[in-house]
């Protein structure tokens, strides 16, 4: 029995939250939703979801109207997500408007992480553990195996939507402040020991 395209895409959105229009694996689904926007709104509205299309980012987002079903990230997953967002903002500002891919190396991620002076040191296990959930929700994608510092990770524009929406310059400031809160909480934890 063949699965209906609308059902397949609806299930994909329910499981992954985001469809990215400039990624090969989801481009077709993204444009299908764009071309059948009202149909998808009618599918999700009765079950308490809102379909949001961010045309400037080329991202379709599914939001639960009741605030349930949100992913709870562990502390270091949250830190890594904030670092990915920070790198996305920095790199997006420096790219020409025709370039679509935002790519960071493991070394760039490590450098941002080490600026925080956290008790847990950056290593391959930390990166891979942190990326497991982040990758599942279409926020980042390794472009090759994470074997060395030159390995690349594509950061999707959806990383900007995983937290409250702001302008790019405000996002940079906000992300920096959020990361600093983690540093401050770790310093308090160490002084209480």
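The values are calculated or read from the model by the stated rules, or taken from the named source; none is laboratory data. No experiment lies behind these values; they were computed from the predicted model shown. Cβ coordinates were reconstructed from backbone atoms using ideal geometry, including for glycine residues, and neighbour counts include every protein chain displayed.
Observations on the model:
- Scanning region 100-149 for residues that are buried (at least 17 other Cβ atoms within 10 Å of the Cβ), without any contact (Cβ under 8 Å) to a residue 24 or more places away in the chain and under 17 Å from residue 88 (Cα atoms) yields a single hit, 108.
- Residues of region 123-138 that turn out to be more than 15 Å from residue 76 (Cβ to Cβ), out of contact with any strand residue (DSSP E or B) (no Cβ under 7 Å at 6 or more places or on another chain) and in a loop (DSSP other than H, G, I, E, B), as a count: 0
- Looking only at region 144-175, and only at residues there that are in contact with a helix residue (DSSP H, G or I) (Cβ under 7 Å, 6 or more places away or on another chain) and assigned to a helix (DSSP H, G or I), the one that is modelled with the lowest pLDDT: 168
- Looking only at residues of region 43-68 that are over 20 Å from the mean Cα position of the chain (by Cα) and in contact (Cβ under 8 Å) with a residue 24 or more places away in the chain, we find that the one that is farthest from residue 137 (Cα to Cα) is 43.
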